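The values are calculated or read from the model by the stated rules, or taken from the named source; none is laboratory data. Since the structure is predicted, the reported quantities are computational estimates derived from the model, not experimental observations. Here the Cβ positions follow ideal geometry from the backbone for every residue, glycine too, while neighbour counts run over all protein chains shown.
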Amino acid sequence: MEKTAVDNAAGRAAALDVYDFKGGMLVKAGAVFKAGSVERLKKEEIPFVYTAGGDISVNAIYNASTTAEMLKVLWNFMKTGGEKADILKCYSIDQVKQFISYSRESSAKLAYGHVLGFFAAVMLKEIKNSVEKYYDFYDYRSRESYNNYHAVNTACLCGIIGANMGLSDGEVIDLITGAALIDIKMGLYEFVNENRGLNALEKEEMSGHAMAGFEAIRGIYGIPSRAAAIILRHHERFNGGGYPKGLKNSDITIPARIAAVADVYDSMTSRRPFRAPFYPDEAWEHISKNSGVLFDPDVVSEFKRTVPKYSPGDRVVLASGKNAVVISNAYGCPETPEIVIEKNGQSAIISSGEEAKNYVVKTILSMR
Ligand SMILES: [Fe+2]
């Protein structure tokens with residue numbers, strides 16, 4: 001496949017499904033992007049899509065339809081504050097039966113937590129079924145709908161890192177559930193989305209979202225306390241410099257330490273009203289440099305094995321000064337992707353680790 005800027009997508013076939021921030025299908029894999037769908041993607045502020053043809057391979061771990069289900073649940077959750085009656089109206093009787101059978105809960109008591117847990121369990125199944133254990137972050141994002149995409153992206157990252165670290169099935173499911181809800185109360189602070197920095201008072205106010213989210217979620221039936229605890233602790237930092245409690249090291253639970261890394265990586269690589277997105281390698285370096293400072297070194301080590309430094313389809317510059325395009329990645333080899341470079345007028349796919357001059361130095365185009 002190819003990574004294609006939305007401006008150039010018309011007339012090309014979609015290689016992967018594209019969903020909006022509510023989990024609604026925008027373009028199905030295999031369908032050709034028409035002028036109307038390109039306009040819709042632009043309206044959603046989705047910067048790029050994957051199109052058919054080309055050499056790049058993306059290890060997405062999760063089915064796009066599964067992450068779309070998470071977007072749908074969370075969108076409804078934010079609208080209703082987690083009231084249980086509303087969510088079930090969005091599903092067929094057969095789907096509700098699946099939730100009942102998964103949660104072993106009666107239909108009268110079925111609530112958001114059970115639906116979230118069900119889809120978190122589907123995500124875990126997809127992690128286990130994936131032959132490759134690294135995660136190309138092929139997420140779609142839009143500036144307008146940052147919160148919902150960010151929630152699901154963070155949950156996806158947490159799931160694969162947690163599973164690769166050897167957490168139990170139940171722990172991974174609760175980690176995905178909690179990670180999807182970490183910023184559930186961020187909507188209270190509208191100034192966060194303004195095109196400016198925050199003053200000290202606003203920063204202080206905004207930091208209340210961890211406690212506010214925890215207080216709101218802990219009272220919702222069906223959400224495990226282990227998941228709710230992640231919301232409370234996702235801004236704690238390894239060196240004690242975080243909030244709300246300033247906890248240190250092992251006083252912060254492992255799932256919350258994983259969520260801290262995933263939250264920062266996804267947030268940094270997202271376009272926000274008040275700043276341009278960082279390239280994936282810049283965010284990756286930030287996490288790496290803060291190992292043992294802001295972040296748990298064990299979590300950072302697994303993050304670096306699992307999340308490649310360079311994204312497939314991105315343009316990079318090599319030590320030789322030549323430009324190349326990232327083609328594919330591998331688990332445990334984050335800094336040496338396969339790349340394609342021009343050689344004697346012809347393009348050739350090589351391993352960027354083969355010769356010193358072919359080492360990737362930095363990303364120069366990521367279409368974010
Ligand atoms: Fe947060």
Whichever residue in the stretch 159-205 is within 14 Å of the ligand (Cβ to nearest atom) and touching a Gly at 6+ places or on another chain (Cβ under 6 Å) and, among such residues, is farthest from E302 (Cα to Cα): K185
Only one of G208, G213, G242, G222 that is within 14 Å of the ligand (Cβ to nearest atom), of a type outside the set (S, T, N, Q) and more than 28 Å from K289 (Cα to Cα): G213
Qualifying residue in the stretch 17-27 (condition: of a type outside the set (G, A, S) and out of contact with any strand residue (DSSP E or B) (no Cβ under 9 Å at 6 or more places or on another chain)): yes
Residue match in the stretch 172-181 (condition: modelled with pLDDT of 80 or more and either in contact with a His (Cβ under 9 Å, 6 or more places away or on another chain) or not assigned by TED's automatic domain parsing to the domain that holds A276 (or both)): yes
Extreme residue, modelled with the lowest pLDDT, among residues of the stretch 252-273 that are more than 11 Å from the ligand (Cβ to nearest atom) and hydroxyl-bearing (S, T, Y): S270
1 or more residues basic (K, R): qualifying strands (runs of 3 or more DSSP E) within the stretch 310-368: 315-318, 338-343, 360-365
Meets criteria (more than 23 Å from Y50 (Cα to Cα), surrounded by fewer than 20 Cβ atoms within 10 Å (Cβ to Cβ) and at pLDDT below 95) for A276: no
